[in-house]
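Chemist: I'd like to ask you about the structure that follows.
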Amino acid sequence: MRKKLKDVCMFYSGTGFPIQYQGQTKGEYPFYKVGDIANNAIAGKIYLELCNNYISSDVAKMIKGCILPKDTVVFAKIGEALKLNRRAITSCDCLIDNNAMGIAPKLDSLRIQYFYFCMKNLKMQTLAESTTVPSVRKTVLEKYEIEVPSLVEQEEIEKKLTLTQKIIEKRRQELSYLDEIIKARFVEMFGNPVTNEKGWKQRQLGEITTKIGSGATPKGGKEAYQEEGITLIRSMNVHNGLFEYKELAHISEEQAEKLDNVTIEENDVLLNITGASVARSCVVPSKILPARVNQHVCIIRCNQCIVPEFLNKLLIDDNYQRLLWSIAEAGATREAITKQQVESLQIIMPPIELQEQFADFVHQVDKSKVAVQKALDETQILFDSLMQKYFG
């Protein structure tokens, strides 16, 4: 049976946070900002992330808006956060900011965990109004209908989805652990690449590379992209130690010819040099070649005295990331690293044999990561198919 949300749920609005309580760690009520909303299952239950802001009951009464009860599904209702489609179940009575909204079942015939998955299936941006700052109104959500089967059916559905989501989280944790193993091995072998406490020889990056340079966006921007053709790598594709294939763009041969000066070669290291993703770096995967880069991504092509995999892991080392961010944040208007600054970066130079030994270790760990990623992708497909089956 399908029912409108207004008939089976209570709605709770967010409110402005009293700035004088920012960072207060004690109080009766946690105050969650929209950025605190988590997206993944933790031990079979979905909660808000740890809170950094608390207020007293007296202050809570003075603030306009309702206190949300435990077991309320909360989510972003305005802005770019809508696209993230994040949901969470409150683990206690709390307050949320005015960029978020809460909905809780008011009938015993609707289980909270089942309702969470109902809401997770709802793409909020499809209900949003305004093209400049998208937002979802309560009056629109009230009319949205959900399927309300028997309690027995709800329990069976939530068990399957919760178990699948727990497996997804476990796979993600495995990938994170493997990344930590590589980081730890780098530090063990080479130390801090910024302070260079092991006393390695150092050279400027421009001296140990055959090419450093970024590209451009083809005329016409996104409208000029194609489903197939020459790969155009953008900053959204470059993550630390990982190439993201999602939303990978392609351009025509004619457009690619105009970017021949930024043709990608096998084993090129990519570095984001502008915007919020500045300093992210990975080695280009050979299977996307031929390829070009846009103006937000820098090509770094190593010569024979430095191993690409070693250079990439150096650039994404936590200490070196802080260095790159300090350079980027010194920009006049937005985060940016210039070509000259990239060329001037000081790089430690351990013996090539040690670099190759480390690269071999990374390749072995990467084999394990490929297997885990495959299992993660398959489980995610299963989860998506179950969501489609029950709520699509």
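Chemist: What number of residues within the stretch 244-285 are closer than 19 Å to Thr209 by Cβ and among the polar types (S, T, N, Q)?
Modeler: Selection size over the stretch 244-285: 5.
Chemist: If a residue has to be over 16 Å from Phe31 (Cα atoms) and either open to solvent by 60 Å² or more (accessible area, probe 1.4 Å) or aromatic (Phe, Trp, Tyr) (or both) to count, how many in the stretch 87-135 make the cut?
Modeler: 16
Chemist: Check whether at least one residue in the stretch 156-163 is at positive phi and open to solvent by 20 Å² or more (accessible area, probe 1.4 Å), and report yes or no.
Modeler: No - not one qualifying residue is present in the stretch 156-163.
Chemist: Considering only residues that are in contact with a His (Cβ under 7 Å, 6 or more places away or on another chain) and of a type in the set (S, T, N, Q), look in the stretch 222-244 and name the one that is modelled with the lowest pLDDT.
Modeler: Gln226
Chemist: Among the residues of the stretch 182-202, is any within 26 Å of the chain's Cα centre (by Cα), aromatic (Phe, Trp, Tyr) and modelled with pLDDT of 95 or more?
Modeler: yes
Chemist: Are any of the residues in the stretch 193-208 free of Cβ contacts under 8 Å to residues at least 40 places away in the same chain and either open to solvent by less than 90 Å² (accessible area, probe 1.4 Å) or not charged (D, E, K, R) (or both)?
Modeler: yes
Chemist: What are the residues in the stretch 1-59 that are open to solvent by 60 Å² or more (accessible area, probe 1.4 Å), within 30 Å of Arg171 (Cα to Cα) and at pLDDT 70 or above, if any?
Modeler: Lys33, Asn52
Okay, residues lined up against (1) open to solvent by 10 Å² or more (accessible area, probe 1.4 Å); (2) hydrophobic (A, V, I, L, M, F, W, C):
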{"residue": "Glu265", "(1), (2)": "yes, no"}
{"residue": "Leu270", "(1), (2)": "no, yes"}
{"residue": "Ala276", "(1), (2)": "yes, yes"}
{"residue": "Ser286", "(1), (2)": "yes, no"}
{"residue": "His296", "(1), (2)": "yes, no"}
{"residue": "Cys305", "(1), (2)": "yes, yes"}
{"residue": "Pro308", "(1), (2)": "yes, no"}
{"residue": "Lys313", "(1), (2)": "yes, no"}
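Chemist: For the condition of a type in the set (A, V, I, L, M), open to solvent by 50 Å² or more (accessible area, probe 1.4 Å) and modelled with pLDDT of 95 or more, what is the one hit in Ala359, Ala371?
Modeler: Of Ala359, Ala371, the one residue that is of a type in the set (A, V, I, L, M), open to solvent by 50 Å² or more (accessible area, probe 1.4 Å) and modelled with pLDDT of 95 or more is Ala371.
Chemist: Identify all residues within the stretch 50-86 that are out of contact with any strand residue (DSSP E or B) (no Cβ under 8 Å at 6 or more places or on another chain) and either part of a strand (DSSP E or B) or under 15 Å from Gly27 (Cα atoms) (or both); write none if there are none.
Modeler: Passing the criteria: Leu50, Asn52, Asp58, Val59, Lys61, Met62.
Chemist: Name, by its number, the condition in (1) surrounded by 15 or more Cβ atoms within 10 Å (Cβ to Cβ); (2) at pLDDT 95 or above; (3) β-branched (Val, Ile, Thr) that does not hold for Ile381.
Modeler: (1)
The values are calculated or read from the model by the stated rules, or taken from the named source; none is laboratory data. A quick note: this is a predicted structure, and the numbers were derived from the prediction, not measured. Cβ sites come from the backbone with ideal geometry, for glycine too, and all protein chains shown count toward neighbours. Heavy atoms of the whole protein, side chains included, go into the accessibility calculation; ligands, DNA and RNA do not. Shrake-Rupley method; radii C 1.70, N 1.55, O 1.52, S 1.80 Å.
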